[in-house]
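See below for the structure under consideration.
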Amino acid sequence: MIRVEGLTRRFGDRVAVEGLTFEVREGEIVALLGPNGAGKTTTVRMLACLISPTSGRAWVGGHEVHAEPEAIRAIVGILTETPGLYRRLSARQNLRFFAELYGIQDARDRIEKYLRFFGLWERRDEPVATYSKGMRQKLALARALLHEPRVLLLDEPTAGLDPESARSVREFIAGLKGERRAVLLCTHNLPEAERLCDRILLLRTRLIAQGTPEELKRRLFGTRVVIELANPRPGIDAELRLPVVKSAELAGARLYVEVSDPHRDNPALVRRLVELGAEIVSVREEETTLEDVYHELMGDTDAQG
């Protein structure tokens, strides 16, 4: 649904995005992560035909960016960092205006559907200027979804929402996979990206890494088993000597052992430790998160932008 090849955008002497290549397939949710100024918003704006690439090519739904902007706008729903709503108009008037732009036939039913979904129906005729930040965010999401787009470009979709509303939005986004839509999601909420997304793209002007959350975690940290010992003995880590053991380190009462497949390798590991006289309290796989991956690759930079 989205195909990007060598996409580059410069603003004068400043390179915002350089040589970006990736795909987002039908029914897939992909997160674009990176610090402020990494090029996430610039990438979204190019894919939505709001700005032109300096070089490289991109296709959305089979249509080439800026060669077929009208065709792309018809199948893309976009949520930008700023809602861009008409504050003097009501929620219903805002959505009616955009429904006319998209030529939506069942506009009344569609507007009611999304206003009810986002909990705005009771205040549908009040000016948007009276809405809270979270309410405006939900209305902007309703606008992005109004024409039932095949591709969604979402920049911080849960920003400013209360926990209950944010959960509803996340559940809605997760459900889009079943509708075979393609979603490119920019978020600073790393646990949200890990829960929702099939693949992760880490961007800092250039693409730093990409893969599923599990692939990225294993690529950077491997798979380590943490074994709690009741009688830790110095040197026991060096005595393991098993083909399945890639490395072993004893730290206090904990033995950290890197293996390829814990489910397959743990029985042999436990047997060897018992042979060595170890008293095992517990065995578990070490947990790493997408946040660990992000900070390993990006340092201490902020995940936003």
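The values are calculated or read from the model by the stated rules, or taken from the named source; none is laboratory data. Just so it is clear, the model here is predicted, and its values are computed rather than measured. Neighbour counts run over all protein chains shown; Cβ positions are idealised from the backbone, glycine included.
Right, P267: assigned to a loop (DSSP other than H, G, I, E, B) and outside the structural domain of A159 (by TED's automatic domain parsing) or not? So P267 fails the test. Beta carbons closer than 8 Å, at least 6 apart along the sequence or on distinct chains, pair a first residue in the range 247-261 that is surrounded by 15 or more Cβ atoms within 10 Å (Cβ to Cβ) with a second that is of a type in the set (F, W, Y) for A248/Y256; L250/Y256. Filtering the range 41-58 to residues that are closer than 14 Å to F11 by Cα and either polar (S, T, N, Q) or touching a residue at least 60 places away in the same chain (Cβ under 8 Å) (or both) leaves T41, T42, T43, S52, T54, S55. Restricting the range 186-228 to residues that are of a type in the set (V, I, T), at pLDDT 90 or above and not in a strand (DSSP E or B) leaves a set whose member that is nearest to S282 (Cα to Cα) is T212.
Give the range 97-106 a look and list any residue that's part of a helix (DSSP H, G or I), hydrophobic (A, V, I, L, M, F, W, C) and in contact (Cβ under 8 Å) with a residue 24 or more places away in the chain, or say none. The answer is F98, A99. For the range 132-142, state whether one or more residues are crowded, with 21+ Cβ neighbours inside 10 Å, over 18 Å from I111 (Cα atoms) and either at pLDDT below 90 or in the same structural domain as Y102 (by TED's automatic domain parsing) (or both). No, because not a single residue in the range 132-142 is crowded, with 21+ Cβ neighbours inside 10 Å, over 18 Å from I111 (Cα atoms) and either at pLDDT below 90 or in the same structural domain as Y102 (by TED's automatic domain parsing) (or both). Each residue in the range 157-198 was checked for being buried (at least 17 other Cβ atoms within 10 Å of the Cβ), of a type in the set (D, E, K, R) and closer than 19 Å to T289 by Cβ, and 3 of them qualify. When residues of the range 59-79 are filtered for being assigned to a helix (DSSP H, G or I) and more than 24 Å from the chain's Cα centre (by Cα), how many remain? Selection size over the range 59-79: 3. Residue count for the range 80-96 satisfying the condition of being over 21 Å from E122 (Cβ atoms) and not in a loop (DSSP other than H, G, I, E, B): 0. Residue count for the range 222-237, restricted to those that are surrounded by fewer than 17 Cβ atoms within 10 Å (Cβ to Cβ) and of a type in the set (K, R): 1.
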